Every structure is written in structure tokens, then in C-alpha cells.
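Readers should treat all values here as calculations from the given coordinates under stated rules, not as data from a laboratory. The structure presented is a predicted model; accordingly, all values stated were derived computationally and were not measured. Because the Cβ atoms are built from the backbone with ideal geometry, glycine has one as well, and the counts that use them run over all protein chains shown.
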Amino acid sequence: MDKKSKNILIVEDDKLTRAQIKNGLKEKGYKVSAVSTAREAIDYCIKTVCDMVLLDLGLPDNDGIYVIQTLRSFTNTLPIIVVSGRNNVESKVLALDAGANDYVTKPFAMDELFARIRKEFRYVVTEEKHLFINGNLTIDYDAKTVFVNGVEVHFTNFEYKIIVLLAYNLGKTLTYDYIISHVWGSGGQDQNALRVFMAGIRKKISRDGKSSKLIRTDIGTGYRMNKIN
Ligand code: CA
């Protein structure tokens, strides 16, 4: 992937720091978006294809640790670098244990931040392809594409987010509300809309009639993706 196509989200409530990082990254050719609250950060990552998050911990509405935990509930591959003034071991351990890939303390040199960003992207690029395979279903997390019996099937943005969420939670029943809040954010859609999306997904993955066991409905509760041997 070309560096220019990388989309980095900055989560930082301090205007000066936000502008400094934003301008620096733009100069380096990255696409940059910036938000200043935990809520906006989570919404952004659910709704947009994001390649990396630079995350401040002291945010006005919630702690950055909560953002890490929430993001990790639906993506294990999104690189998260904490950029925080908290310079104690406990904070670093907490953030890394929650799922942050790296931790940069303020004040920082831009060149060091750039190097750490490059390091994370190098890791993503050289790592084995992120493929999820279950029965006749394959999800290529890098290309954000879905294959059924080896044939690429077009999934809409929301269908893709739903199936990825189910895949990450393989074997676990996810409640309607859980799925809705993770795909659309709170107050985004209702259960009827979700049902319509699930019907669409089922149709797409059941073309040969064999994969109908892949996604199960727990009536009154939610949906689950079963492990197919
Ligand atoms: Ca802050």
C-alpha cells in the first residue's frame, strides 16, 4: 500500500498539539483526520476506513484507555499509538495491555513520532496477509473484501462491518444492541434495519446452500457466527 493512501486519525483535544501533528503528517504525505473526543474517535473508526490512530489519553469526555478497549472489541489489526503526557509506567502498561501498539510521551520530537508510525506500517505490510477463513467464507481484512467459495462477493460498507464484527467474535452470540452500537453508533439503527442487513448478508454467503449454518440467529437475543470445520 502506498504511503499516500494511508489514513491516520489524530485524537487530541489540545489544539496546538493537534495542529502540530496534523501538519507534520500532511507534509509527509499521509491523509489525516482529527477529532478531539473519545466519542468522535470511536464513531470515526466504525464509519470510516482508518489505517492508524494516534491517541491522546486525557480526553474531555472519556479516557483514551476506553477508546483503545472499544476499538479492540472490533479490530485487532488497526495500529494504535498513544501520544500522551502521562509519563509513568502504570499508564504505559495499562495502555499497552489494553491493546495499544506503541506509546509516545509528550513532549515528543516529530521525527520520533514519524519513525514509530513507519515502524507500525512496516509491521502491517510485512505481516502475513490478514485472512479470516471459516468454512467457505474468507475475509481479507487488508483488502476489505469477502470471498464465498473463493469468489469475491460485494459487501456494502455496513454489511462488511457486521460480518467482520461477527468474525472477530467467532462462536459468541452478539446482542442486537451490541451489533447496532458497534456498526452504527448509539441511536443509529433499530433491530428491524439490522434484520434487513442480516438477511442480505445471509443471502450473499448462502449461494451454494451449504453456508446457511454459518450465521445463527438466537431469537430474541442476537446473532452468532459458528465455527465451521
Ligand atoms: Ca488531552
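Kindly express, to the nearest 10 degrees and within the range 0 to 90, the angle between helix 89-98's C-alpha long axis and the longest C-alpha principal axis of the chain.
Between helix and principal axis, roughly 20 degrees.
In square nanometres, what is one fourth of the surface area of the convex hull spanned by the alpha carbons of the stretch 62-142? Don't skip to the end; give the middle numbers.
Working: hull surface 25.5 nm².
Quarter of the Cα hull surface area: 6.4 nm².
For the chain, what is one quarter of the convex hull surface built on the Cα atoms, given in nm²? Write down the numbers at each step before the final one.
Working: hull surface 52.6 nm².
That works out to 13.1 nm², a quarter of the Cα hull's surface.
Express the relative contact order of the chain as a whole percentage, based on alpha carbon pairs under 8 Å and six or more residues apart in sequence.
RCO, the chain: 14 percent.
Under a plain spin-label model, where a point goes 7 Å from the Cα along Cα-to-Cβ, how far apart in nm are residue 106 and residue 142?
The answer from the label model is 3.5 nm.
Output ³J(HN,Hα) for the stretch 103-118: one whole-Hz value per residue in order, computed from phi by the Karplus curve 6.51 cos²θ - 1.76 cosθ + 1.60 with θ = phi - 60°, and x for Gly and Pro.
Couplings: 9, 10, 9, 7, x, 10, 8, 4, 4, 5, 4, 4, 4, 5, 5, 4 Hz.
Could you state the angle between the C-alpha long axis of helix 15-27 and the longest principal axis of the C-alpha atoms of the chain, as a value from 0 to 90 degrees rounded to the nearest 10?
Between helix and principal axis, roughly 70 degrees.
At 222 nm, what helix-only mean residue ellipticity would the chain give, in deg cm²/dmol to the nearest 500, using -39500 (n - 2.57) for each DSSP H run of four or more?
Values: 8 runs with 95 residues, N = 229.
Helix-only estimate at 222 nm: -13000 deg cm²/dmol.
Cut-off 10 angstrom, C-alpha nodes, Gaussian network model of the chain. Which of 61, 140, 102 fluctuates the most?
Its mean-square fluctuation being the largest, the pick is 61.
Past 20 Å, Cα to Cα: identify those pairs from 47/204; 47/161; 6/119; 47/213, in the order given. Walk me through the numbers before you get to the answer.
On the way: 47/204 22 Å; 47/161 9 Å; 6/119 14 Å; 47/213 28 Å.
Violating the 20 Å Cα-Cα cut-off are 47/204; 47/213.
Using DSSP, restrict attention to beta bridges with both residues in the chain and report what percent are antiparallel, rounded to the nearest 5. Mind showing how you got there, number by number?
Working: 19 of 35 bridges.
If we restrict to bridges inside the chain, about 55 percent are antiparallel.
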